[in-house]
Amino acid sequence: MSHIADTIHRLHEELPENVKLVAVSKFHPAEAVAEAYAAGQRVFGESRPQELSAKIVALREMAASSGAPEMYSDIEWHFIGHLQTNKLKLVLPYVAMVESVDSLRLLSAVDGWGAANGKVTDVLLEYHIASEETKQGFSREEILDIVSGPGFRNVRIRGLMGMATFTDDEEVIRADFARLMSLYDEIVRLRDAGLCPVAGPDFDVRSFGMTHDYRIAVAMGADVVRIGTLIFGERV
Ligand SMILES: *Cc1c(COP(=O)(O)O)cnc(C)c1O
């Protein structure tokens, strides 16, 4: 069995039933997605708009030429990278979720695109939990501002996404993840007290954990883990 199929099978066995695996296929070809798909994986993550739309086209062609045009059409795509507002049309028609909303400007643009195109987009707010300056995302205060605001007609805020500090120190990783869990719980409490109309009953997603820290993430309560390198190998 190929490494990809083998790893997908192992992860499906290892992860608790309520944890969704996003297979992060960025920088890997459509053929790698097809292999993971054949092993039963249906949720994939991409971080660059052009790459996402090119891969969708390639998969469509692969499906058509294999005589099964519907194959791959049940893939659930998650966008997990930095999204510029001028690239929305390459991404929003195809994705089930944008996990990486990191500015109010982007949130408004996704809402505006949805109004013009008749689509409500599920999003996560990216919370900056790492100690590196470079990782994008909102501060706690910014997120609390957004969820206590008036909300958006064409955007459903489904939860929080975060990336821990890149380190081997498990204590640091745990502290980063704990901040995300604590803000999530705070929002749920506000919602349940009626103070947070933007977070509806479907505010229920905590997306954290990648190749080197997904086991910690699962133990700490992640509902979504995003795993690339472990499944597909090093990115080239
Ligand atoms: C690339 C990426 C991942 C996957 O990282 P791996 O270490 O390869 O598992 C997960 N989340 C985001 C936001 C990413 O950009």
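The values are calculated or read from the model by the stated rules, or taken from the named source; none is laboratory data. These numbers were taken from a predicted model, which means no experiment stands behind them. A quick note on method: Cβ atoms are made from the backbone with ideal geometry, for glycine too, and the neighbour counts reach across all protein chains shown. Please note that ligands, DNA and RNA were not included when accessible areas were found on the heavy atoms of the full protein model with its side chains. Shrake-Rupley method; radii C 1.70, N 1.55, O 1.52, S 1.80 Å.
Give me the strands (runs of 3 or more DSSP E) completely within region 44-142, filtered to those with at least 1 residues that are open to solvent by 10 Å² or more (accessible area, probe 1.4 Å), of a type in the set (A, V, I, L, M) and closer than 24 Å to Ala30 by Cα, ordered by residue number.
The qualifying strands (runs of 3 or more DSSP E) are 95-101.
Within the set of pairs 6 or more residues apart or between chains, which connect a residue that is free of Cβ contacts under 8 Å to residues at least 60 places away in the same chain and more than 25 Å from Met181 (Cβ to Cβ) inside region 108-128 to a residue that is open to solvent by 30 Å² or more (accessible area, probe 1.4 Å) and part of a strand (DSSP E or B) with Cβ atoms less than 7 Å apart?
Taking only residues 6 or more apart or on different chains, the pairs are Val120/Arg156.
For (1) open to solvent by 20 Å² or more (accessible area, probe 1.4 Å); (2) in a helix (DSSP H, G or I); (3) near the ligand (Cβ under 10 Å from one of its atoms), each residue gets a yes or a no:
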residue	(1), (2), (3)
Arg189	yes, yes, no
Ala199	no, no, no
Thr211	yes, no, yes
Ile231	no, yes, yes
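If you go through region 163-184 one residue at a time, do you hit one that is part of a loop (DSSP other than H, G, I, E, B), within 14 Å of the ligand (Cβ to nearest atom), under 18 Å from the mean Cα position of the chain (by Cα) and within 17 Å of Ala23 (Cα to Cα)?
Checked against the condition, which is being part of a loop (DSSP other than H, G, I, E, B), within 14 Å of the ligand (Cβ to nearest atom), under 18 Å from the mean Cα position of the chain (by Cα) and within 17 Å of Ala23 (Cα to Cα), region 163-184 yields at least one hit.
Could you pull out the residue among Leu52, Leu90, Leu11 that is of a type in the set (A, V, I, L, M, F, W, C) and away from the ligand (no atom under 13 Å from the Cβ)?
Leu90
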